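Presented below is the structure to which this report refers.
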């Protein structure tokens with residue numbers, strides 16, 4: 001399949017593409033098998049009474065999530081979002097317009113949960129929940145990366161990600177789950193991380209890294225794991241342990257800790273920052289996966305929890321951890337206080353690795369040889385979950401400024417991509433939200449179009465040859481799709497990869 | 001007293017009940033439904049004050065829509081601001097003496113009516129002519145515009161074509177407010193105008209017009225971005241902390 005996938009041409013004038021109905025209806029992510037499903041407590045295959053069960057689950061979610069309830073009612077079909085989704089721009093399939101994607105569920109909501117849809121379905125576009133509709137849900141709710149770009153532009157803030165999450169949750173509950181996400185969640189529970197890297201292999205990898213860095217720099221930079229009493233527990237995406245270019249950022253974090261003299265540790269129990277529970281909209285899974293980090297923090301007795309370069313993980317950490325696990329501040333209940341008493345209240349909990357590094361830079365605690373990055377003209381790709389679902393520092397927009405500040409502190413040549421493609425208007429890489437799988441490569445290549453257009457522009461005008469980002473999924477996705485657009489796959493890398501290149505380690509402490 | 005007066009008076013009581021009751025039920029439903037996770041969309045304010053300002057900009061200036069699409073924004077502003085002026089102008093039918101600020105906006109009300117009709121016509125043209133907006137439109141989307149256009153045009157027609165006895169209309173509505181039914185002037189245009197308004201009132205709580213109360217309950221817009229500093233737990237999630245502290 002991969003051989004037949006080609007990148008769509010750049011748009012000469014970036015106007016709204018014409019519609020190609022059904023263009024992506026055959027692109028379906030693989031369905032989870034019985035083993036994958038049952039491991040998460042979901043039915044192994046589509047249950048007999050799926051319609052009844054799906055509607056019951058939908059009713060339950062409408063009562064549990066105000067977002068879903070309000071968003072089902074509030075849309076006026078104004079079309080503000082209709083040209084904002086990267087998957088629509090890249091595929092031209094009208095069902096990839098955010099409003100049309102929501103309407104896949106809204107039409108069913110109207111039919112079963114509203115007066116108008118019960119009595120005048122044709123009038124309000126209400127539809128019975130047939131097998132065809134359910135299949136359509138599966139197809140198109142697995143073509144949304146939950147990047148929330150549409151939500152920025154909606155006059156009512158309708159967030160398609162909330163609808164997609166609800167749809168996936170309903171599909172899972174009737175035994176119609178997606179293989180990629182659900183298999184990964186299974187691995188987190190059984191092995192400890194998304195990539196299925198067992199503890200001995202992980203320890204081995206880290207030792208190898210220590211040797212590599214020693215050879216490279218002559219300095220004993222440590223990569224500690226399961227060290228009780230360390231000050232910092234680093235929670236990072238497991239891709240950082242062995243994938244390219246991710247690993248270079250892990251080396252960057254280690255060098256920062258080393259140079260600043262901060263004792264830190266990884267955890268073999270919680271060797272994963274990613275939380276695919278969010279992608280499938282399942283609160284139980286979201287919470288269960290997050291609780292591993294709470295357990296690790298309590299067991300290791302750390303004072304601070306720092307999160308590595310991972311977009312959705314940072315959204316979960318920043319926005320949800322306090323709610324789910326008590327990693328944060330301001331709690332009054334015993335459950336959360338147990339951990340919050342242990343954590344050092346002088347620091348933001350959790351802290352993003354960029355916040356930590358930037359704080360150190362501001363305090364002059366790190367020294368850099370910026371010329372080490374002189375071979376690069378750098379640009380920065382804002383990752384959707386960081387940009388639209390979180391913050392850094394204690395000022396609005398910190399999630400945009402802090403990574404850029406770091407880049408400018410460690411590299412001499414930095415340029416921005418076009419305004420309408422950065423900060424809160426950033427385009428998803430095309431592989432987020434549980435879609436980073438080879439069975440969706442066609443979608444991933446096409447979904448990258450708007451970002452590739454913006455990148456091409458700065459490559460042509462400024463000679464950009466390094467696109468920094470702080471997300472494991474962005475890094476993996478771009479490494480894969482850049483060649484389709486005739487770029488070198490090594491054009492993408494981490495912010496801490498640049499930090500790693502430039503940091504001056506000096507004597508060991 | 002004519003049959004028409006009686007019928008309209010009763011229908012207006014019914015419509016007012018459906019409108020107010022329906023909206024109350026909806027709003028109570030939104031308010032009662034928990035928002036278990038913090039999901040404000042950037043740029044998210046970090047204080048309640050910030051949220052109030054954000055919501056004010058969203059509701060009065062359509063800030064997000066402005067970022068999204070200037071055409072929809074301009075037509076939307078034209079329609080909504082026009083409608084607001086028209087509604088204010090119509091308050092004179094329900095107040096005696098007319099509040100001074102209602103009297104002050106009287107001369108502008110008619111321009112409001114024109115702006116409203118222009119905006120609606122533009123929005124409908126968009127819905128018909130732009131391929132992707134046509135794709136997402138349902139019959140009710142078109143009919144809603146027809147309904148509002150009908151209200152606006154019949155209203156303007158009473159100003160410019162056939163002027164009903166507005167003093168009598170006012171007497172009717174003042175009486176209606178006090179459950180005393182007064183004669184309504186005999187005017188087909190007026191009957192049409194009032195009938196369409198009745199339909200609008202009854203349809204409101206069951207349609208996409210719920211975007212009006214809905215926006216205030218939208219978690220991406222009404223939440224404070226303070227999840228690291230404050231622990232937010234909904235009731236159903238808090239029970240999990242007690243019952244299953246280890247997952």
Subject >> residue A:101 being free of Cβ contacts under 8 Å to residues at least 60 places away in the same chain, within 14 Å of chain B (Cβ to nearest Cβ) and assigned to a helix (DSSP H, G or I) >> reply: no
**OP:** Evaluate the stretch A:252-267: report whether one residue or more is free of Cβ contacts under 8 Å to residues at least 60 places away in the same chain, part of a helix (DSSP H, G or I) and buried (at least 16 other Cβ atoms within 10 Å of the Cβ).
**Re:** yes
Original post:
Restricting to helices (runs of 4 or more DSSP H) lying wholly in the stretch A:299-374: which have 3 or more residues that are crowded, with 24+ Cβ neighbours inside 10 Å and at pLDDT 95 or above?
Top reply: A:311-315, A:321-325, A:353-362
**OP:** Please tell me if residue A:402 is under 22 Å from the mean Cα position of the chain (by Cα), within 18 Å of residue A:236 (Cβ to Cβ) and more than 10 Å from chain B (Cβ to nearest Cβ).
**Re:** yes
**OP:** Sort out which residues of the stretch A:479-509 are assigned to a helix (DSSP H, G or I), in contact (Cβ under 8 Å) with a residue 60 or more places away in the chain and touching a strand residue (DSSP E or B) at 6+ places or on another chain (Cβ under 7 Å), and write them in order of number.
**Re:** A:479, A:495, A:498, A:502
Subject >> The listed residue being out of contact with any strand residue (DSSP E or B) (no Cβ under 9 Å at 6 or more places or on another chain), free of Cβ contacts under 8 Å to residues at least 12 places away in the same chain and surrounded by fewer than 24 Cβ atoms within 10 Å (Cβ to Cβ), out of A:140, A:119, A:112 >> reply: A:119
**OP:** Can you confirm whether the stretch A:34-53 contains a residue that is in a helix (DSSP H, G or I), under 24 Å from residue B:236 (Cβ atoms) and either in the same structural domain as residue A:166 (by TED's automatic domain parsing) or in contact with a strand residue (DSSP E or B) (Cβ under 6 Å, 6 or more places away or on another chain) (or both)?
**Re:** yes
Subject >> Verdict on residue A:296 being within 14 Å of chain B (Cβ to nearest Cβ), part of a loop (DSSP other than H, G, I, E, B) and surrounded by fewer than 24 Cβ atoms within 10 Å (Cβ to Cβ) >> reply: no
Original post:
Of all residues in the stretch B:41-57 being touching a helix residue (DSSP H, G or I) at 6+ places or on another chain (Cβ under 9 Å) and within 8 Å of chain A (Cβ to nearest Cβ), which is surrounded by the fewest Cβ atoms within 10 Å (Cβ to Cβ)?
Top reply: B:43
Original post:
Out of all the residues in the stretch A:448-466, which are over 20 Å from residue A:9 (Cβ atoms) and crowded, with 24+ Cβ neighbours inside 10 Å?
Top reply: none
Original post:
Given the residues A:418, A:409, which is the only one that is within 21 Å of residue A:452 (Cα to Cα) and modelled with pLDDT of 95 or more?
Top reply: A:418
**OP:** Kindly indicate whether any position in the stretch A:278-292 is buried (at least 23 other Cβ atoms within 10 Å of the Cβ), out of contact with any strand residue (DSSP E or B) (no Cβ under 8 Å at 6 or more places or on another chain), in contact (Cβ under 8 Å) with a residue 60 or more places away in the chain and not in a helix (DSSP H, G or I).
**Re:** yes
Subject >> Within the stretch B:31-40, tally of residues that are more than 7 Å from every other protein chain (Cβ to nearest Cβ) and free of Cβ contacts under 8 Å to residues at least 40 places away in the same chain >> reply: 1
Original post:
Among the residues of the stretch A:310-328, which ones are at the interface with another protein chain (Cβ under 7 Å from one of its Cβ atoms) and more than 13 Å from residue B:233 (Cα to Cα)?
Top reply: A:318
**OP:** Answer yes or no: is there a residue in the stretch A:491-504 that is closer than 22 Å to residue A:87 by Cα and touching a helix residue (DSSP H, G or I) at 6+ places or on another chain (Cβ under 7 Å).
**Re:** yes
**OP:** Take the stretch A:55-70 and flag every residue that is in contact with a helix residue (DSSP H, G or I) (Cβ under 6 Å, 6 or more places away or on another chain) and more than 7 Å from every other protein chain (Cβ to nearest Cβ).
**Re:** A:55, A:57, A:58, A:61, A:62, A:68
Original post:
Which members of the stretch A:1-56 meet the condition of being loosely packed, with under 13 Cβ neighbours inside 10 Å and modelled with pLDDT of 95 or more?
Top reply: A:20, A:21, A:22, A:26, A:34, A:35, A:41, A:48, A:49, A:52
**OP:** Quick one: count up the residues across the stretch A:122-134 that are facing chain B (nearest Cβ under 10 Å) and in contact with a helix residue (DSSP H, G or I) (Cβ under 6 Å, 6 or more places away or on another chain).
**Re:** 4
**OP:** Taking the residues in the stretch B:59-75 that are part of a helix (DSSP H, G or I) and facing another protein chain (nearest Cβ under 7 Å) as candidates, determine which candidate is farthest from residue A:149 (Cα to Cα).
**Re:** B:72
Subject >> Options B:26, B:32, B:38, B:89: the member that is under 21 Å from residue A:76 (Cα atoms) and touching a helix residue (DSSP H, G or I) at 6+ places or on another chain (Cβ under 9 Å) >> reply: B:26
**OP:** Evaluate the following for residue B:27: is it more than 8 Å from chain A (Cβ to nearest Cβ), part of a helix (DSSP H, G or I) and closer than 30 Å to residue B:196 by Cβ?
**Re:** yes
**OP:** Name the residue, out of A:87, A:140, A:112, that is over 29 Å from the mean Cα position of the chain (by Cα), away from every other protein chain (no Cβ under 11 Å) and in a helix (DSSP H, G or I).
**Re:** A:112
**OP:** Just one of (1) surrounded by fewer than 20 Cβ atoms within 10 Å (Cβ to Cβ); (2) in the same structural domain as residue A:488 (by TED's automatic domain parsing); (3) at negative phi; (4) touching a residue at least 12 places away in the same chain (Cβ under 8 Å) trips up residue A:438, so point out which.
**Re:** (2)
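The values are calculated or read from the model by the stated rules, or taken from the named source; none is laboratory data. The structure displayed is predicted, hence computed values, not measured ones. In this analysis, Cβ positions are derived from the backbone assuming ideal geometry, glycine residues included, and neighbour counts consider all displayed protein chains.
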